[in-house]
Amino acid sequence: MKHYEVEILDAKTREKLCFLDKVEPQATIAEIKNLFTKTHPQWYPARQSLRLDPKGKSLKDEDVLQKLPVGTTATLYFRDLGAQISWVTVFLTEYAGPLFIYLLFYFRVPFIYGHKYDFTSSRHTVVHLACICHSFHYVKRLLETLFVHRFSHGTMPLRNIFKNCTYYWGFAAWMAYYINHPLYTPPTYGAQQVKLALAIFVICQLGNFSIHMALRDLRPAGSKTRKIPYPTKNPFTWLFLLVSCPNYTYEVGSWIGFAIMTQCLPVALFSLVGFTQMTIWAKGKHRSYLKEFRDYPPLRMPIVPFLL
């Protein structure tokens, strides 16, 4: 059985960083990364990007050496992805922050609204309901991170945690400040508006959770298997008939409901920014599905049925 020689060059400078002799043909990129780490321990596997072309796409960890378009001497190009942090750590941090921050404003801790309002309580029912909904949303996200989500990639760049936390924590503080303010006024149409908004919020939260469970069941634990998601017996998953990423559809719907419930401009802006970002993610996933699966359902849109 012939063996391969693998040389790893810096993608920017073309400097030879490593030469691996007698590499097994069945070796995966993940195994090559581990061999590379032995000579360069500062670049652990999670921060390595190996590619066939300096400006090409990163090879997948599961790619097998002998199935790549290379000769018996394979040249791979290395890029440093920077310090990495686990997705679980990032999600727990960015979701725990809004939960804690919102409660600081809800309980009106000192130095927020003025001494006479310290630890006072709002007289408006919608304020208390909003706190319950907001807290439920982030507790749900934390529990899903721990017990539901299965990540195709174990890590992300460390810098992302600062960007993500600024977004989530900052908006949580901005929303909470106005909703829990002593001068806050309830929605224009009173209880009817609140009840309608609460129904939208609850339905979308249930839908979002249902989609996450359906996606979890598609991927066995410890694998990176990708399959086409289809509706199940759960009615909330039937949205898969129309969109590729119904979890994002339900997520946006939840925040629209929360915005209607509180009639708060910062919540509306948070919903708009979130919708914009999730649309970008949904379009990317939709393109990926179309490229990977030839029999992908043609009627689906990325995030909004029939439109977007």
Check your understanding: Which members of segment 124-154 meet the condition of being modelled with pLDDT under 95 and not β-branched (Val, Ile, Thr)?
Key -> Leu146, Phe147, His149, Arg150, Phe151, Ser152, His153, Gly154
Practice item. Scan (1) surrounded by fewer than 15 Cβ atoms within 10 Å (Cβ to Cβ); (2) under 30 Å from Lys285 (Cα atoms) for the single condition Ile200 breaks and write down its number. Key: (1)
Review point. Is there a residue being loosely packed, with under 12 Cβ neighbours inside 10 Å and on the phi > 0 side of the Ramachandran plot anywhere in segment 112-126?
Key: yes
Revision key, fill the gap. All-but-one check, Ala96 against (1) surrounded by 14 or more Cβ atoms within 10 Å (Cβ to Cβ); (2) under 22 Å from the mean Cα position of the chain (by Cα); (3) under 17 Å from Leu9 (Cβ atoms), failing number (3)
Point to revise | Search result, residues across segment 216-249 that are buried (at least 19 other Cβ atoms within 10 Å of the Cβ) and not in a loop (DSSP other than H, G, I, E, B) | key: Phe236, Thr237, Leu239, Phe240, Val243, Pro246, Asn247, Tyr248, Thr249
Check your understanding: Out of segment 94-129, which residues are in contact with a Cys (Cβ under 6 Å, 6 or more places away or on another chain) and farther than 16 Å from Tyr177 by Cα?
Key -> Glu94
Review point. Cys264 is checked against (1) crowded, with 21+ Cβ neighbours inside 10 Å; (2) without any contact (Cβ under 8 Å) to a residue 12 or more places away in the chain; (3) not β-branched (Val, Ile, Thr) and fails just one. What number does that condition carry?
Key: (2)
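Results for (1) touching a Pro at 6+ places or on another chain (Cβ under 7 Å); (2) of a type in the set (Phe, Trp, Tyr); (3) under 27 Å from Trp174 (Cβ atoms), shown as yes or no for each residue.
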| residue | (1), (2), (3) |
| --- | --- |
| Phe270 | no, yes, yes |
| Phe275 | no, yes, yes |
| Ala282 | yes, no, yes |
| Glu292 | no, no, no |
| Tyr296 | no, yes, no |
| Leu299 | no, no, no |
| Pro305 | no, no, no |
| Leu308 | yes, no, yes |
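Please verify whether Ile228 is farther than 23 Å from Ala259 by Cα, in contact (Cβ under 8 Å) with a residue 40 or more places away in the chain and aliphatic (A, V, I, L, M), treating the condition exactly as stated.
Answer is yes for this residue.
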Point to revise | Criterion: hydrophobic (A, V, I, L, M, F, W, C), surrounded by 14 or more Cβ atoms within 10 Å (Cβ to Cβ) and either within 30 Å of Ala173 (Cβ to Cβ) or without any contact (Cβ under 8 Å) to a residue 24 or more places away in the chain (or both) - qualifying residue of Leu81, Leu20, Leu9 | key: Leu20
Practice item. Please state which of the following conditions Thr188 fails to meet, knowing it meets all the rest: (1) of a type in the set (Ser, Thr, Tyr); (2) in a helix (DSSP H, G or I); (3) open to solvent by 50 Å² or more (accessible area, probe 1.4 Å). Key: (2)
Check your understanding: Out of all the residues in segment 32-78, which are outside any loop (DSSP other than H, G, I, E, B), among the charged types (D, E, K, R) and touching a residue at least 12 places away in the same chain (Cβ under 8 Å)?
Key -> Lys33, Arg47, Arg51
Exercise for review: Name every residue in segment 141-168 that is buried (at least 18 other Cβ atoms within 10 Å of the Cβ) and either over 28 Å from Asp61 (Cα atoms) or not hydroxyl-bearing (Ser, Thr, Tyr) (or both), in order of residue number.
Suggested key: Arg141, Met156, Tyr168
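The values are calculated or read from the model by the stated rules, or taken from the named source; none is laboratory data. Keep in mind that what you see is a predicted model, and the values were worked out from it rather than measured. Counting neighbours? That spans all protein chains shown, and the Cβs are built from the backbone with ideal geometry, glycine included. Just so you know, the surface numbers come from the protein's heavy atoms only, side chains and all, with ligands and any DNA or RNA stripped out. Shrake-Rupley method; radii C 1.70, N 1.55, O 1.52, S 1.80 Å.
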